[in-house]
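Worksheet: the structure to be examined is printed underneath.
The values are calculated or read from the model by the stated rules, or taken from the named source; none is laboratory data. On a predicted model such as this, the values are computed, not experimentally measured, just so you know. Neighbour counts are summed over all protein chains in view; Cβ atoms, including those assigned to glycine, are modelled from backbone coordinates with ideal geometry.
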Amino acid sequence: MSELDPLLLARLQFAANISFHILFPTISIGLCWVLLYFRTRFTLTGDQDWEHAYTFWVKVFALTFAIGVVTGVTMSFQFGTNWPGFLTTAGNITGPLLGYEVLTSFFLEATFLGVMLFGKHLISNRMHLIASALVALGTTISAFWILSLDSWMQTPAGHVIRDGIYYADSWWAVIFNPSFPYRFSHMVVASLLTCAFVLMGISSWRFLNRVDGPATWKVFKTGAALALVLAPLQIFIGDLHGINTLEYQPAKVAAMEGLWKTENGAPFTLFALPDESTRSNRFAIEIPYAASLILTHSASGTVRGLDEFAEHPPVSSVFWSFRVMVGVGLLMLIVALWVGWTVFLRKKPPSELLLRCTAWMTWSGWVAVIAGWWVTEIGRQPWLIYDEYLTAQAVADHPAGTVLTTLLAWLVLYGFILFFYIRTLKYIASKPAASLQNSAQHYPGILSKRN
């Protein structure tokens, strides 16, 4: 194992953990607000369809939330096992921020989650609605503190360094560091958008397999409305986030663009094979001036290239992750517009083709979120705290064989959990609705041409 790099293996292990973990908060953060919407609609209208929708989707939320909590705990252990230098150096910043999450979010969720999941028939509907609202608030507060810490590592501010140790000088500046508003809003919208496609996708699957119920159509329309609003909003926020990144992390942007030299009127590269050995892009397909126009809002704007930075992230992984994120995001926008045009403008039920498309897009949000996190985290390298503290300074001195063994064990475990998570969701979704009258019968245009 002497030829293996323990630093790279430790990074891969943490990447595997965070990539797997982020799948579940991404759904649960958005889904808890959707559940609150279902509960509110039932409370205001008395329509039992919204009660059916809540009863079905709260099971999905409970399963997703439980896995998210467990994987989050195991991920936090790695700070101590694999990255002790980070805790020693920046513990005065990271400790309080993670502690604030526990005090303001975890206790709130832990207190009212049981009421939300099991207390519906033991308390008043009003109290159950309040419990659902507090759980939704708690999940968002949790994201607030986690994104604040991650953003501080990306754009550190509000601290002083004495004898190599970080101390907070202004907690306001630490928490609301320069990239935090963009990362937090980008992640919350990503969670809601991911949830929207899960709602549409699973509802479409239920239509296609004729196990839908009277609430399925309303759930589908809820997801469609969310996707129609949030897909373009996410692109707008992403543009603002990119401009902020250009200012504070220009090396990351240069890697995202595959830009090796500083250029005025830099092109946007649609496709290329970045080659770090020759510091060039092979087989490049470019749109002239487009990168400058997107990043600086000027066709002749200057975008700094990788030649200006002594240290920069791995180019190929950041370059391709960014294109996967953008490509899937644009595909989600196209599908959202298609669904919106069909359901809300033409006021027609979705065709079988559209249902199959939305079913295939069920997990598209996951792909976009993971690609986005890879851009964010790999793009920060080789820094753990950007431009101040190197990742190599924090890694534990473990043998490469030990790290590789635990990495493989985590991958097997996470593959097992993910497989059965999706199988369980399929089992939940495949159970026929309690009502004998399904949505296709309420809305006869849905699959009316099928035998």
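Results for (1) modelled with pLDDT of 90 or more; (2) of a type outside the set (A, V, I, L, M); (3) in a helix (DSSP H, G or I), shown as yes or no for each residue.
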site	(1), (2), (3)
8	no, no, yes
18	no, no, yes
24	yes, yes, yes
30	yes, yes, yes
36	yes, no, yes
39	yes, yes, yes
61	yes, yes, yes
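Against the condition in contact with a Gly (Cβ under 7 Å, 6 or more places away or on another chain), surrounded by 15 or more Cβ atoms within 10 Å (Cβ to Cβ) and farther than 23 Å from residue 57 by Cα, how does residue 394 come out, does it pass? Show your work before the answer.
Details: in contact with a Gly (Cβ under 7 Å, 6 or more places away or on another chain): yes; surrounded by 15 or more Cβ atoms within 10 Å (Cβ to Cβ): yes; farther than 23 Å from residue 57 by Cα: yes.
Considered against the rule, which asks whether it is in contact with a Gly (Cβ under 7 Å, 6 or more places away or on another chain), surrounded by 15 or more Cβ atoms within 10 Å (Cβ to Cβ) and farther than 23 Å from residue 57 by Cα, residue 394 comes out as yes.
Filter the range 366-390 for residues that are among the hydrophobic types (A, V, I, L, M, F, W, C) and not in a helix (DSSP H, G or I); which is surrounded by the most Cβ atoms within 10 Å (Cβ to Cβ)? Working first, answer last.
Step one: filter the range 366-390 for residues among the hydrophobic types (A, V, I, L, M, F, W, C), giving 366-371, 373-375, 378, 383-385, 390.
Then drop every residue that is not not in a helix (DSSP H, G or I), which leaves 383-385, 390.
Values: 383: 21, 384: 20, 385: 23, 390: 16.
So the residue we want is 385.
Would you tally the residues in the range 258-286 being out of contact with any helix residue (DSSP H, G or I) (no Cβ under 9 Å at 6 or more places or on another chain) and assigned to a strand (DSSP E or B)? Give the derivation first.
Residues of the range 258-286 out of contact with any helix residue (DSSP H, G or I) (no Cβ under 9 Å at 6 or more places or on another chain): 277-278, 280, 282-286.
With assigned to a strand (DSSP E or B) added as a condition, the list becomes 280, 282-286.
The qualifying residues number 6.
May I ask you to say which residue of 138, 164 is small (Gly, Ala, Ser), within 30 Å of residue 252 (Cα to Cα) and either within 22 Å of the chain's Cα centre (by Cα) or modelled with pLDDT of 85 or more (or both)? Walk me through how you get there before you give the answer.
Details: 138 fails: within 30 Å of residue 252 (Cα to Cα).
Testing whether each residue is small (Gly, Ala, Ser), within 30 Å of residue 252 (Cα to Cα) and either within 22 Å of the chain's Cα centre (by Cα) or modelled with pLDDT of 85 or more (or both) leaves just 164.
Taking residue 350 as meeting all but one of (1) at pLDDT 95 or above; (2) surrounded by 18 or more Cβ atoms within 10 Å (Cβ to Cβ), write down the number of the exception.
Result: residue 350 passes all but (1).
Consider residue 243 carefully, then state whether it is surrounded by fewer than 20 Cβ atoms within 10 Å (Cβ to Cβ), aliphatic (A, V, I, L, M), closer than 22 Å to residue 28 by Cα and modelled with pLDDT under 95. Spell out how you get there, then give the answer.
Details: surrounded by fewer than 20 Cβ atoms within 10 Å (Cβ to Cβ): yes; aliphatic (A, V, I, L, M): yes; closer than 22 Å to residue 28 by Cα: no; modelled with pLDDT under 95: yes.
Considered against the rule, which asks whether it is surrounded by fewer than 20 Cβ atoms within 10 Å (Cβ to Cβ), aliphatic (A, V, I, L, M), closer than 22 Å to residue 28 by Cα and modelled with pLDDT under 95, residue 243 comes out as no.
Somewhere in the range 397-407, is a residue of a type outside the set (A, V, I, L, M, F, W, C) and within 26 Å of the chain's Cα centre (by Cα)? Show your work before the answer.
Quick first cut of the range 397-407, residues of a type outside the set (A, V, I, L, M, F, W, C) only: 397-399, 401-402, 405-406.
Within this subset, residues satisfying the condition of being within 26 Å of the chain's Cα centre (by Cα) are 406.
Taking every residue of the range 397-407 in turn, at least one turns out to be of a type outside the set (A, V, I, L, M, F, W, C) and within 26 Å of the chain's Cα centre (by Cα).
Being surrounded by 18 or more Cβ atoms within 10 Å (Cβ to Cβ) and under 30 Å from residue 56 (Cβ atoms) narrows it down to one of 251, 227, 255, so name that one. Walk me through it before giving the result.
Working: 251 fails: under 30 Å from residue 56 (Cβ atoms); 255 fails: under 30 Å from residue 56 (Cβ atoms).
Unique residue meeting the criteria: 227.
Give all pairs with beta carbons closer than 6 Å in which a residue from the range 111-136 that is under 12 Å from residue 58 (Cβ atoms) meets a residue that is not in a helix (DSSP H, G or I) and not small (Gly, Ala, Ser); count only pairs at least 6 apart in sequence or on separate chains.
Note: pairs meeting the criteria are 128/120.
Kindly indicate whether any position in the range 301-310 is of a type in the set (Lys, Arg) and closer than 27 Å to residue 387 by Cβ.
Step one: list which residues in the range 301-310 are of a type in the set (Lys, Arg), which gives 304.
This time we only want the ones that are closer than 27 Å to residue 387 by Cβ, so: 304.
For the range 301-310, residues of a type in the set (Lys, Arg) and closer than 27 Å to residue 387 by Cβ: present.
Which residues, taken from the range 23-72, are within 17 Å of residue 118 (Cα to Cα) and of a type in the set (S, T, N, Q)?
55, 64
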